[in-house]
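Remarks on the structure that follows.
Every number in this text was worked out from the coordinates using simple rules, so none of it is lab data. All figures in this text were calculated on a predicted structure; none of them were measured in a lab. Cβ: placed from backbone, ideal geometry, glycine included. Neighbour counts: every protein chain shown.
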Amino acid sequence: MRILSLAGRRLAASIPTLVLILIGVFLLLQFAPGDTVDAMMAQMGGGDAATARELRRFYGLDLSVPAQLGNYLWRLIRLDLGFSSIYGKPVATVILERLPPTILLMTASLSFAFFFGLVFGVIAARQFNKWPDTLISTLGLIFYATPSFWFGLMAIVVFSIYLQWLPAGGFEDIGAVQSGVFRILDIARHLILPTLTLGLIFLAIYLRIMRASMLEVLNLDFVRTARAKGLDETRVVTRHVLRNAMLPMVTLIGLQAGTMLGGSVVVESVFSLPGLGRLAYESVIQRDLNTLLGIVFVSALLVIVVNFIVDLLYARLDPRISMEG
Amino acid sequence: MDAIKRYVRSPAAVLGLVLLLGIIAMAISAGHVYPRDPLALAGRPLIWPFSNPRFLLGTDNSGRDIAAQIFYGARISLLIGGAATLIAIAIGILVGALAGFYGGWVDTVLMRITEAFQTLPNFVLLLVLVAVFGSTLTTVTIAVGVVSWPAPARLTRAEFLSLRNREFVQAGRTLGMKDAQLILGEILPNALPPVIVYASVVMAVAILLESALAFLRLSDPNVASWGNLIGLGRDVLRVQWYVSAIPGIAILVTVLAVSLVGQGLNDALNPRLRGR
Amino acid sequence: MTASPGAVPDAVLSIEGLSVRLPAGADRDRALADVSLSLAANEILCVVGESGSGKSIMANAIMRLLPDRVTIDSGRVMFEGRDLAAASPAEMRKLRGASIAMIFQEPMTALNPLRTIGDQIGEMLSVHTHLARGEINARVQALLADVHIPDPERAAKAYPHELSGGQRQRAMIAMALALDPKVLIADEPTTALDVTTQAQILKLIRELQQRRKTAVLFITHDFGVVAEIADRVVVMQHGVVVEQGPAQSILADPQHAYTRQLIAAVPPLTAPPPRALSDEIILDLSNVSKTYRSGGFLGRGARVTAAVKNVSLVLPRGATLGIVGESGSGKSTLARCIVRLIDPDSGSILLQGRDWAGLRRAELRRETRHIQMVFQDPFASLNPRRKAADLVAQGPIIHGTPRAQALADARDLFALVGLDPSAADRFPHEFSGGQRQRIGLARALALKPAVLIADEPVSALDVSVQAQVLKLLVDLRERLGLSIIFITHDLRVAAQICDRVVVMKDGMVVEHGATADVFGNPWHSYTKALLNSIPGGHFARGREGIPS
């Protein structure tokens, strides 16, 4: 229960941050050349000033900035994110439609990066300065330096164009209507390359952190005590080192949540996935500022939720945390 | 001086330095080696690399020399990477030093702002900034810098928090030093090395961010940048995949070089008995 | 040589000609050079030495737990007819914990913070025996009761950070003795503990040793501890055994010059004859209090710690006042309140009759030259990026002295504190710990303060260096007429240099008076307990002090 109250307090402390972000971005968007109405008019193929004024009044865009801000925050509390003129639907609906692929992609990439980062980090640390370590660390460095979108393109070239093993994009086969297990498998097939692409950089990061963390923990006093008790090296690692070394990794999940979401923008664009990231990109191109603001809100919310879960997890793993006030 | 000796003892660090110098050389010599505008039409489109001695790396969809674009692209990447890093580090040090030294409400306010920047995914913020301010070279550079300052700020703050209570700082206080003297004269010189090393990480990320923007056609289209070229190559990915492949390798090598130099600096400035 | 020096009949553990090599680039070639000693059954053998003597490396070598590139060059470690130096890793693993057990210096870091005490003690049993879970738990309880841990059931379920330092060390001892090993190696197990806790742990170790007839190899740097519990002694310096023999003879009649130096460096407990003190009061503290609040949400559930509670004391001009207490007594907080690094919550501080506690920041910066401080940690108290001369000259420069003049004065101060003036151009890392403390002293004296606060100035130094720095302080006190507040946890040090002494516990003053009175005739129970806890107290009392 203390864990819950502790994490809950951190959650409550994020609310001012969220408000700060929203106010900040909202004000920022006021500087944008042209607004939603301009974009709409461009879509409609032009119109006169009177129409423009009418539309502005309808959407409340003729009010003063503080009034608009107040309006927006008020609607936000009721979870009304406004209307997207480009898609002709409420922003909330558009975002909800696009959310599942992104969440799926992020979960898959995170699991992939965390698991393999852990495994290879442990191997590298145990074989410190021998050839497995050098190999793993070098690969990690190269993966870290690889632009994700470029890797995605090259993966498409190799696996989709030449080998023809995996699809080049999309979320599922639109032609064939499948259901149940087959649908899941089909989606999985489509997600393999995107997961690999998005996960690659994070794999490199987790690998490096796990390795460094393992090396540091292996030097700590209680490891010496464990050895002095007569434990063999494997038991020392699994019973004493691993859990302690994993703590920074868990923290990292929270810290990298935002970066991963940002990365999905590019990966979804490369693989034409109908996710939140690509929606953000489209909103920028089409100047759909309402949707963009809605995406900002949802992204920040996602990051906060992920951090909340991470806090719970960390407190579960480290008994020292519950002690602090 | 032994820092330099320690640096050259690591083959990876030396390799990184050599690569980085090579890329800098490319950037500087671009005007000499390829005197004509790299974005001007140079020959037939989509010539394969190594097939025509005039175009070592081939030509792209519009018939522009890829090798020329690689050379000029080095300028853009290094320029944007370097400038954005400077902006990020400068803001980061300022915010981190004040927050770490003064604590209290100054710290709370500054950390809230930092947290706000970190909660919003940096690429999404980048998109917003580009949507608002446009895609010129200057705005993109500033935008990348603005998106990257939170991490150096947290690092600086952590250093200041730990150094603030170190006994030599307390000694400075008992000697009668003013706050500014403590921050600039006593703490900052000792806090700087890890932040400087971290600058290499910031630069690596900055280069990757800018190239991602360029790939999405959201960066300055009037300059020859590697990201732009990769974006162009996407249209001809099926057959002429080299148009995308080559600039990607250039980015990889540059970011790798920067990372290796950064790691080398870290090991040289913080020697530990058993290596990393 | 037919028998190794130091050989003992029926030796349980016997080290013969052991040499341990250090990796290239270390400051020495060998950590141990041809070390020979024996440990008999049912005895406590103390290995004494300062830092760098190789005593810890020897302990690690016996257990074959040496760090990566440190290797055994030659020699044998005979245990139960086997040479441990040549044993395989599998053989060593069977021995560790079961036949030879080890306890370490820092109980907080020596225990895994993420696992309960009961779990870790039980691990010793589950690795070496085939007992069932329930039996292991019962044994763990019995072991914890054996080492007199309060509430063994709760302790077994607790995590290391939930116990006090002394309790953690008891848990470690319980863990080490779980399988009744023949040999217990104790690597400075009491160094990180408070004086009173240290006394309890020493008593516990001796009690358990006598009951179980274990052979104990006890490593320490403190000859007082040797006087307290050793049966035999081995003295080491720079990786070589310089002297060994029965404790009584070594303490009474040390042969080797280094042994004599070490013993002489242990400050005795008899205070020097009292000096005449001035009537003028230079520093007057009255009801000073400082309370810390931490945590809490909207003002509820905050943790309140009263670090300093209503402390009053006076410092006569030219006198040295000792503030003595263990960790948590509030003495360091009080020191920082006096120097105004922390602001006291209430109470008054009068410096030379003027209000000191109430000064505002700007004026405080100007007046701070009258009270200066010498810090505890010689490694952290000097800015690593400044030259020594700059460090000493900084103070005067801030207060208006022209730079050239300040630097010249700095060199004079160097000579005053016993350092070579030409060394003033070097950086701190080029000096030893004792030399750095001298630089710290020079820095404090540069502003010619009326009062000098010395916050545990010798605690982080080796014993032999401690004596030198204390002698320097006494010397300077005479020459410059300094008024000093000397903060320490070590009563023996306080006895040597302080005219009057104040004993603090839990933020309050429990006793005060002239040093000879307080130490010779204490009235508060805590003071009595403190004096009784000094290891080798009887030994310390029977010797002469530093000539003043």
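Side notes on the structure shown:
- Those lysines that a straight Cα-Cα span of less than 20 Å connects to C:K94, excepting residues fewer than 8 apart in one chain: A:K229, C:K182
- A DSSP coil position with no more than 14 other Cβ atoms inside 10 Å describes the following chymotrypsin sites (Phe, Trp or Tyr not before Pro) in segment C:469-535: C:W523.
- Distance between the modelled labels on C:H161 and A:F115, one decimal in nanometres: 3.1 nm (7 Å Cα→Cβ projection).
- Each Cα pair under 8 Å and six or more residues apart adds its separation to the average, and for segment C:425-524 the resulting relative contact order is 20 percent.
- Segment B:128-276 shape via C-alpha gyration tensor axes, a/c threshold 1.5: oblate
- Entries of C:K387/C:K448; C:K448/C:K528; C:K55/C:K157; C:K55/C:K203; C:K203/C:K505 with Cα pairs more than 29 Å apart: C:K448/C:K528; C:K55/C:K157
- Kyte-Doolittle at least -1.0, axis length at least 30 Å by Cα - qualifying DSSP helices, chain A: A:2-30, A:91-126, A:181-218, A:242-270, A:289-317
- Here r is the Cβ-Cβ distance between A:F58 and B:L192 and R0 is 51 Å; the resulting FRET efficiency, rounded to 0.05, is 0.40.
- Considering only trypsin sites (Lys or Arg not before Pro) in DSSP loops that have at most 10 other Cβ atoms within 10 Å, the longest stretch of chain A without any of them is A:131-325.
- Of A:V236, A:V267, A:V94, the one that fluctuates the most in a GNM where chain A has Cα springs shorter than 10 Å: A:V236
- Separation between Cα centres of segment C:271-289 and segment A:286-325, rounded to whole Å: 59 Å
- Note on B:K5, C:K182, C:K528, C:K290: ascending count of other Cβ atoms within 10 Å places them as B:K5, C:K528, C:K182, C:K290, the fewest first.
- Cβ-Cβ FRET estimate between B:N61 and C:R385, R0 fixed at 45 Å, reported to 0.05: 0.20
- Cα-based shape type of segment B:181-220, given that a ≥ b ≥ c are square roots of the gyration tensor eigenvalues and the cut on a/c is 1.5: prolate
- When its C-alpha radius of gyration is set against 2.2 N^0.38 Å (N residues), chain C gives a value of 1.06.
- Residue-count net charge about C:P396 - beta-carbon cut-off 11 Å; Lys, Arg +1, Asp, Glu -1: +3
- Restricting segment C:454-548 to GluC sites (Glu not before Pro) that sit in a DSSP loop and have at most 15 other Cβ atoms within 10 Å of their own Cβ leaves C:E544.
- Taking every DSSP helix (H) stretch of at least 4 residues in the protein assembly as shown, weighting each as -39,500 (n - 2.57) and dividing the sum by the residue count yields a mean residue ellipticity at 222 nm of -18000 deg cm²/dmol.
- Helix C:433-445 and the longest principal axis of the C-alpha atoms of chain C enclose an angle of approximately 10°.
- Taken along the Cα-to-beta-carbon direction at a fixed 7 Å, the label points for A:V158 and C:A90 span 4.2 nm.
- Centroid-to-centroid, using Cα positions, segment B:1-39 and segment B:100-145 are 31 Å apart.
- Residues C:T320, C:T333, arranged from fewest to most other Cβ atoms within 10 angstrom of their Cβ, appear as C:T333, C:T320.
- Each of A:W165, B:W241, B:W105 was scored by other Cβ atoms within 10 Å of its Cβ. Listed from fewest to most, they are B:W105, A:W165, B:W241.
- Zone residues, segment A:276-303, relative to A:L79, backbone N less than 18 Å from point 7 Å out along Cα-to-Cβ: A:294-303
- With all pairs of separate Cα atoms included, segment B:1-129 yields a Kirkwood hydrodynamic radius of 18.9 Å.
- Cα-based helix-to-principal-axis angle, C:403-416 vs chain C, degrees rounded to 10: 50 degrees
- Shape category assigned to the protein assembly as shown from the gyration tensor of Cα positions, a/c cut at 1.5: prolate
- Annotation for B:I24 and B:V109: the two label points, set 7 Å from Cα along the Cα-Cβ direction, are 4.0 nm apart.
- DSSP H segments from chain B that extend 30 Å or more along their own axis, Cα-based, with Kyte-Doolittle mean of 1.0 or above: B:11-33, B:66-102, B:188-215, B:242-269
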